[in-house]
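Participant: One structure, as structure tokens, below. Some questions next.
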Amino acid sequence: MPASQPSKDNAVDAAETTSGLPLIVRFLAVLLLVAMGSGISVGYVAWDTAGEALEAATREQLTTARAIKGTLIGNYFRNVEDEVSVLAMLPETAEAIETFEVIFKKLDGADASVAEEKMRDFISDVFMAKYEFETGDRLPASAVMSDRPASLAVQAAYLADNPNPLGSKDLLESSGSLPDYDQAHERFHSIFRNLLKTFGYYDIFLVDRTGEIVYSVYKETDFGTNLLTGPFKDSGLADAVRASLEARSSNAYAFADFSTYIPSYDAPAAFVSRPVYAGETLVGVVAVQLPIDEIDEVMTGGRRWADEGFGTTGEAYLVGPDRLMRSDARALIEDPEAFIRDGRERGVPIDTLREMERLGRTVLLERVENDAVILALEGQSGNLEVLSYDGSPSVASFESIAVFDQIWALIAEVDRSEAYAAADAMRSRIITTAVIVLVFVVVVSIIFGQRLTAPIGRLHAAMVRLQAGDFSVTVPPGGGRELTSLALAYNRVAASLGLKTRMESANDRKDELIDEIAGMTATQASSSIQIMGAVAEISAGSREIAKTSEELTGTMSEVDGIASENAIRSTSGLESLHRIETVMTEVVGDAKNVSDHLGEIERRCEAMGQVVTTMVSIADRTQILSINATMEAEKAGDAGLGFRVVAREVRRLADRTAESAAQIEENVKRMLASVDDGVRNMNVFQSRLDETAATNAQIAEGLTEVIGRNQELNPRFATVLESMKAQRDAARQISEAMSELSDNVGTTSDAVKQVDESIADLREMASRLKQEIADEEQRLGLD
């Protein structure tokens with residue numbers, strides 16, 4: 001593999017290690033996504049289910065309220081049918097119509113000019129004044145006046161001459177001016193007025209077969225007019241009466257939907273009529289004017305909307321086929337000014353708003369056009385969210401109501417904000433709860449994430465330090481079974497890598513130690529060779545000293561003999577002196593040689609002492625290295641067992657080398673001491689030889705003096721002889737010491753050879769250790 005490849009791999013590993021988001025961020029993101037997904041799912045289900053349930057409950061409640069109103073309004077119109085039937089079937093009704101019809105015919109022959117004048121004045125001064133006040137408009141008298149004399153007569157008697165104000169004309173029992181009509185009126189008026197109060201109608205009309213209103217309870221300007229030919233022939237009452245007169249059944253009802261009615265000052269009015277028969281003979285029609293208040297009472301529940309489940313904005317109202325209201329709006333009833341103001345903002349025509357304000361009603365004035373009204377008028381029912389008549393979003397429950405032969409729309413609605421307030425509140429609580437849960441999940445996720453990722457973080461940090469070469473970091477187990485296993489596996493890998501590193505370091509240190517030991521052994525071998533050479537030279541010098549000492553001893557013996565002979569032969573002194581001078585000259589030369597050899601031996605001994613000191617230093621360093629090697633082997637454990645054995649052998653060898661060096665040093669010291677003694681003796685000997693030479697000179701000068709002193713030389717020669725013997729013995733000891741030193745040097749050489757062999761074994765063991773480390777790496781997958 002190229003040398004640049006590992007660094008490239010490390011760069012890729014570093015890039016992979018440092019790229020991307022941290023684990024805790026990704027972990028939190030996943031947790032948050034899961035939590036948010038779950039929260040959104042649950043929230044959506046809760047939002048949709050709970051909200052829809054509450055909305056459905058609101059719609060159901062609204063539907064129930066609408067159904068109740070439908071039932072009530074249906075009952076109301078059925079009651080109207082029944083009550084009109086009762087009126088039509090009463091014998092008094094037919095009798096009254098027939099009686100009043102006869103009287104009207106009689107009155108047609110009387111002069112009606114006065115009555116006409118009165119009615120014209122009444123219409124102009126009284127009716128039109130109020131009409132104009134109420135409507136803002138003024139009609140010609142012909143629009144409300146009848147031209148029939150009988151009609152003018154009864155109108156003048158019961159309207160113009162009636163002392164009671166408008167709206168209370170029914171209080172007059174008899175006019176006192178029309179005896180026949182007064183008599184019949186007194187007879188029937190109380191009956192129909194009581195029925196009016198009982199049934200709650202606005203007015204009751206008795207109409208003969210010609211369409212003439214021969215009687216009414218309330219006595220408005222329509223009283224006494226002809227509905228077929230008179231001024232109100234186009235009114236709703238005329239339509240109902242006409243339909244009843246044309247009916248072929250006595251049970252046929254005619255209904256005229258709400259429309260403006262002039263006699264009621266253009267107030268909305270609806271009419272129900274039925275034919276009246278006397279036996280099989282049609283005698284006329286009974287008609288009732290329906291009061292709006294009664295319908296409003298039903299639709300508003302007596303203005304107790306909240307009690308009926310409509311809250312603060314809900315209501316029920318009716319809409320006719322023309323899409324105009326048939327009952328009053330709650331908003332107008334509760335706050336007319338605000339309703340009118342809102343109407344202006346909605347663009348309602350000013351005339352319509354003025355009419356609403358005048359009447360205090362929305363019947364036939366407020367238009368409602370939305371899907372609920374359209375579908376209800378088509379005969380359908382249901383619930384919709386629509387824009388109400390005032391433009392506000394509303395929840396509407398609708399159904400169609402059959403009112404005689406017409407279809408009305410019944411609408412029960414509540415402002416959407418109120419209708420779905422509970423659902424919106426529930427949704428708000430769901431959102432709030434979701435936010436709280438989300439915050440809780442975030443906090444728990446952070447705490448749990450930190451607890452979960454902290455071991456991973458520690459493991460990552462340890463891996464980074466491991467990648468940097470720090471194998472001493474361990475990861476404490478924790479964070480669950482998987483992370484604990486991962487931490488333990490990391491610790492094992494780190495320990496293995498640390499062991500590997502230590503082994504490699506120990507191996508490198510071992511190589512260094514081996515090289516140092518090899519160098520020291522080489523140095524020691526070289527020193528041993530030098531020592532052996534020095535020992536050989538010292539041995540040779542010792543032998544020469546011994547030989548010289550032997551010669552000196554012999555010479556001294558001869559000198560001693562000569563001295564004795566000199567004592568005996570003093571007469572031949574000159575000849576002996578010359579011989580002594582010659583011998584002394586030789587002795588001086590030999591002594592000088594001996595002294596030189598001893599000086600050389602002393603120098604060689606000092607060199608040998610330095611060698612011994614070097615050997616001691618080498619032994620000490622070898623011992624220190626062996627101790628360090630032993631410590632490194634201990635750290636390596638079982639893998640360093642072989643290295644520990646080699647270190648122990650090296651230490652033993654160092655100890656033995658140190659012991660041998662100590663012995664050599666001791667021997668060298670003794671040898672140096674002997675050499676020093678020999679040198680001193682030789683110096684003394686040389687000085688004495690010098691003295692002897694001087695003495696020879698003196699002997700040459702005078703034999704007498706020599707013979708005189710010859711006696712003094714004997715002890716001196718004896719001393720010299722003893723010294724020479726001692727020198728001889730010292731030379732022998734030096735020779736023996738050199739032999740012993742030679743043996744020690746040989747032992748050291750053998751030890752060096754053993755060290756070389758141990759180093760070779762150590763190298764072989766190191767090679768095996770490297771192979772074992774490689775095998776361990778391969779087994780652990782650390783390549």
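The values are calculated or read from the model by the stated rules, or taken from the named source; none is laboratory data. The model shown is predicted, which means the values in this text are computed figures rather than measured ones. Here the Cβ is made from the backbone with ideal geometry for all residues, glycine too, and neighbour counts use every protein chain on show. Quick note on the areas: whole protein, heavy atoms, side chains included, nothing else; ligands and nucleic acids left out. Shrake-Rupley method; radii C 1.70, N 1.55, O 1.52, S 1.80 Å.
Participant: Wholly within region 217-325, which strands (runs of 3 or more DSSP E) include no fewer than the required count, namely at least 3 residues that are under 30 Å from Gly391 (Cβ atoms), modelled with pLDDT under 95 and over 60 Å from the mean Cα position of the chain (by Cα)?
Facilitator: 254-261, 267-278
Participant: For the condition small (Gly, Ala, Ser) and not in a helix (DSSP H, G or I), what is the one hit in Ser190, Ser146?
Facilitator: Ser146
Participant: Assess whether Val80 counts as being open to solvent by 60 Å² or more (accessible area, probe 1.4 Å) and either modelled with pLDDT of 75 or more or in a helix (DSSP H, G or I) (or both).
Facilitator: So Val80 does not fit the description; no.
Participant: Looking at region 319-338, can you tell me whether even one residue there is touching a Gly at 6+ places or on another chain (Cβ under 7 Å) and surrounded by fewer than 14 Cβ atoms within 10 Å (Cβ to Cβ)?
Facilitator: Within region 319-338 (the criterion being touching a Gly at 6+ places or on another chain (Cβ under 7 Å) and surrounded by fewer than 14 Cβ atoms within 10 Å (Cβ to Cβ)), the answer is yes, since at least one residue qualifies.
Participant: For region 169-181, which residues satisfy the criterion of being touching a residue at least 12 places away in the same chain (Cβ under 8 Å) and either within 60 Å of the chain's Cα centre (by Cα) or in a helix (DSSP H, G or I) (or both)?
Facilitator: Lys169, Asp170, Asp180, Tyr181, listed by residue number.
Participant: Shifting gears a bit: Within the set of pairs 6+ apart or on separate chains, which have a first residue in region 647-670 that is without any contact (Cβ under 8 Å) to a residue 24 or more places away in the chain, a second that is hydroxyl-bearing (Ser, Thr, Tyr), and C-beta atoms under 7 Å apart?
Facilitator: Going by the 7 Å Cβ cut-off, the qualifying pairs are Ala647/Ser626; Ala647/Thr630; Arg648/Thr630.
Participant: Condition check: out of contact with any helix residue (DSSP H, G or I) (no Cβ under 8 Å at 6 or more places or on another chain), farther than 13 Å from Tyr261 by Cα, at pLDDT 95 or above and of a type outside the set (Ser, Thr, Tyr). Does Ile213 satisfy that?
Facilitator: Spelling it out, Ile213 is indeed out of contact with any helix residue (DSSP H, G or I) (no Cβ under 8 Å at 6 or more places or on another chain), farther than 13 Å from Tyr261 by Cα, at pLDDT 95 or above and of a type outside the set (Ser, Thr, Tyr).
Participant: Against the conditions (1) modelled with pLDDT under 70; (2) surrounded by fewer than 21 Cβ atoms within 10 Å (Cβ to Cβ), where does Val612 fall short? Just the number, please.
Facilitator: (2)
Participant: Given (1) modelled with pLDDT of 95 or more; (2) part of a helix (DSSP H, G or I), where does Glu399 come up short, assuming only one miss?
Facilitator: In the conditions (1) modelled with pLDDT of 95 or more; (2) part of a helix (DSSP H, G or I), Glu399 misses (2) alone.
Participant: Determine if region 204-225 includes at least one residue that is within 17 Å of Lys169 (Cβ to Cβ), of a type in the set (A, V, I, L, M, F, W, C), in contact with a Lys or Arg (Cβ under 8 Å, 6 or more places away or on another chain) and in contact (Cβ under 8 Å) with a residue 24 or more places away in the chain.
Facilitator: The answer is yes, given that some residue of region 204-225 is within 17 Å of Lys169 (Cβ to Cβ), of a type in the set (A, V, I, L, M, F, W, C), in contact with a Lys or Arg (Cβ under 8 Å, 6 or more places away or on another chain) and in contact (Cβ under 8 Å) with a residue 24 or more places away in the chain.
Participant: Any residue at all in region 135-148 that's closer than 22 Å to Tyr202 by Cα, at pLDDT below 90 and open to solvent by less than 60 Å² (accessible area, probe 1.4 Å)?
Facilitator: Yes: region 135-148 contains one or more residues that are closer than 22 Å to Tyr202 by Cα, at pLDDT below 90 and open to solvent by less than 60 Å² (accessible area, probe 1.4 Å).
Participant: Could you please give the count of residues in region 326-353 that are of a type in the set (Gly, Ala, Ser), within 56 Å of the chain's Cα centre (by Cα) and assigned to a loop (DSSP other than H, G, I, E, B)?
Facilitator: Qualifying residue count, region 326-353: 2.
Participant: Filter region 355-393 down to residues that are touching an Asp or Glu at 6+ places or on another chain (Cβ under 7 Å), farther than 17 Å from Gly343 by Cα and not in a helix (DSSP H, G or I) and give me whichever is most open to solvent (accessible area, probe 1.4 Å).
Facilitator: So, considering only residues that are touching an Asp or Glu at 6+ places or on another chain (Cβ under 7 Å), farther than 17 Å from Gly343 by Cα and not in a helix (DSSP H, G or I), the one most open to solvent (accessible area, probe 1.4 Å) is Ser381.
Participant: Return the only residue of Asp125, Asp121, Asp111 being part of a loop (DSSP other than H, G, I, E, B), free of Cβ contacts under 8 Å to residues at least 60 places away in the same chain and either more than 21 Å from Asp180 (Cβ to Cβ) or acidic (Asp, Glu) (or both).
Facilitator: That would be Asp111, the only listed residue that is part of a loop (DSSP other than H, G, I, E, B), free of Cβ contacts under 8 Å to residues at least 60 places away in the same chain and either more than 21 Å from Asp180 (Cβ to Cβ) or acidic (Asp, Glu) (or both).
Participant: Here is a list of conditions, (1) open to solvent by 30 Å² or more (accessible area, probe 1.4 Å); (2) within 17 Å of Pro149 (Cα to Cα); (3) of a type in the set (A, V, I, L, M, F, W, C), and Leu227 meets all of them except one; can you say which number that is?
Facilitator: Only one criterion in (1) open to solvent by 30 Å² or more (accessible area, probe 1.4 Å); (2) within 17 Å of Pro149 (Cα to Cα); (3) of a type in the set (A, V, I, L, M, F, W, C) is unmet by Leu227, namely (1).
Participant: Now, a different point. Report every pair of residues separated by at least 6 positions or lying on different chains whose Cβ atoms are under 6 Å apart, first residue within region 413-424 and farther than 21 Å from Tyr317 by Cβ, second part of a strand (DSSP E or B) and open to solvent by less than 50 Å² (accessible area, probe 1.4 Å).
Facilitator: Going by the 6 Å Cβ cut-off, there are no qualifying pairs.
Participant: For region 258-267, which positions are surrounded by 23 or more Cβ atoms within 10 Å (Cβ to Cβ) and not hydrophobic (A, V, I, L, M, F, W, C)?
Facilitator: If the condition is that a residue be surrounded by 23 or more Cβ atoms within 10 Å (Cβ to Cβ) and not hydrophobic (A, V, I, L, M, F, W, C), then Pro263 is the only one that fits.
Participant: Looking only at region 170-181, which residues are in contact with a helix residue (DSSP H, G or I) (Cβ under 8 Å, 6 or more places away or on another chain), on the phi < 0 side of the Ramachandran plot and open to solvent by 10 Å² or more (accessible area, probe 1.4 Å)?
Facilitator: If the condition is that a residue be in contact with a helix residue (DSSP H, G or I) (Cβ under 8 Å, 6 or more places away or on another chain), on the phi < 0 side of the Ramachandran plot and open to solvent by 10 Å² or more (accessible area, probe 1.4 Å), then Asp170, Leu172, Glu173, Ser174, Ser175, Ser177, Leu178, Asp180 are the ones that fit.
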